[in-house]
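Everything below concerns the one structure shown next.
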Amino acid sequence: MKRINRIITNICSDNLVESRDFYTKLFDFNVDYDSDWFVHLISEDKKFELGIISRTNEIVPKGFQNNAQGFYVTFVVDNVDEIFKIAELQEFEIIDKPTDTFYGQRRLLLKDPNGTLVDVSSPIQNFEF
């Protein structure tokens, strides 16, 4: 059977503490495991997980220890403007302030401490195509 039991996005990092703090300050993640090589975050409702691994850890193949490109991580939240306020207060790198998109999302773009593009979006109320 091709059933998926669990999916975790793991972000390679040069600074686990800074990365952990970025995601726990913006979202409802709790630290489930914290070490010098790996941090496991889990949402308060236990539905979502995010891993942060030391970029140079032996389990990361040498060819993948560089900054990844060609992808971004999206978090859909109730109110993107609240996340924007937190990002401003924390002085996180803001790529684009919240804007309304043509496809019905209000979207904020951030850059995490590892250079990963983070899309934070909220559905626009009563939007119709």
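The figures follow:
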item: Any chance residue 10 is surrounded by 11 or more Cβ atoms within 10 Å (Cβ to Cβ) and assigned to a loop (DSSP other than H, G, I, E, B); result: no
item: Tally of residues being of a type outside the set (Phe, Trp, Tyr) and either assigned to a loop (DSSP other than H, G, I, E, B) or touching a Cys at 6+ places or on another chain (Cβ under 9 Å) (or both) across the stretch 57-95; result: 15
item: Flag for residue 97 being of a type in the set (Lys, Arg) and farther than 14 Å from residue 119 by Cβ; result: no
item: Hits in the stretch 13-41 (condition: part of a helix (DSSP H, G or I) and either within 18 Å of residue 58 (Cβ to Cβ) or β-branched (Val, Ile, Thr) (or both)); result: 16, 17, 24
item: Cross-chain or 6+ apart pairs with Cβ under 8 Å, the stretch 62-88 first and of a type in the set (Gly, Ala, Ser), then surrounded by 13 or more Cβ atoms within 10 Å (Cβ to Cβ); result: 68/12; 68/116; 87/26; 87/94; 87/108; 87/110
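Readers should treat all values here as calculations from the given coordinates under stated rules, not as data from a laboratory. Computed from a predicted model, the values in this text were never measured in an experiment. Backbone-built Cβ (ideal geometry, glycine too); neighbour counts: all protein chains shown.
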